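A quick write-up on the structure given underneath.
Throughout, read-outs are computed from the coordinates displayed, never taken from laboratory work. Worth saying up front: this structure is predicted, and the values here are computed from it rather than measured. Neighbour counts are summed over all protein chains in view; Cβ atoms, including those assigned to glycine, are modelled from backbone coordinates with ideal geometry.
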C-alpha cells in the first residue's frame, strides 16, 4: 500500500521490527526505489521502528541505484541478501555499520 491512506495508518504504528524492500541498495547512495510513492512509506516505517530495521534485497539489487532515494544506510541495521551479492559492495555497505545476513 502507498499513498495518504497508507501513511495515515502507518503513522499510528510503533513497530519493534520493520522489514522493507527496495529496488536497489548501495554504499554510495543508500536505499533506492523505482516508485516515488514508496519513498514516503519506507521513510515512515524506518522512522516508526523502535527496534531492528531490516532491508530485504536479492543480489541483483546490491550495488544498484534507482530513481528515488528512500533512506540513508544509517537508518538500516541489517541487510538480508543472497550469497551471489557482490562481495566488494557488501564490504562497503558493512563499513557503513550495516550487518549483512546472506541466505
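For residue 50, the requirement of being under 18 Å from residue 79 (Cβ atoms) and assigned to a strand (DSSP E or B) is not met. Filtering the range 71-80 to residues that are surrounded by 15 or more Cβ atoms within 10 Å (Cβ to Cβ) and not in a helix (DSSP H, G or I) leaves 71, 76, 77, 78, 79, 80.
Would you confirm, using the coordinates I've provided, whether residue 92 is surrounded by 16 or more Cβ atoms within 10 Å (Cβ to Cβ) and more than 26 Å from residue 10 (Cβ to Cβ)? Yes: the conditions hold for residue 92. Within the set 88, 83, the sole residue that is more than 11 Å from the chain's Cα centre (by Cα) and part of a loop (DSSP other than H, G, I, E, B) turns out to be 83. With a requirement of 3 or more residues that are touching a strand residue (DSSP E or B) at 6+ places or on another chain (Cβ under 6 Å) and on the phi < 0 side of the Ramachandran plot, the strands (runs of 3 or more DSSP E) lying completely within the range 1-41 that satisfy it span 15-21, 30-33.
Applying the criterion of being under 23 Å from residue 94 (Cβ atoms) and surrounded by fewer than 17 Cβ atoms within 10 Å (Cβ to Cβ) to the residues of the range 31-53, the residue that is nearest to the chain's Cα centre (by Cα) is 52.
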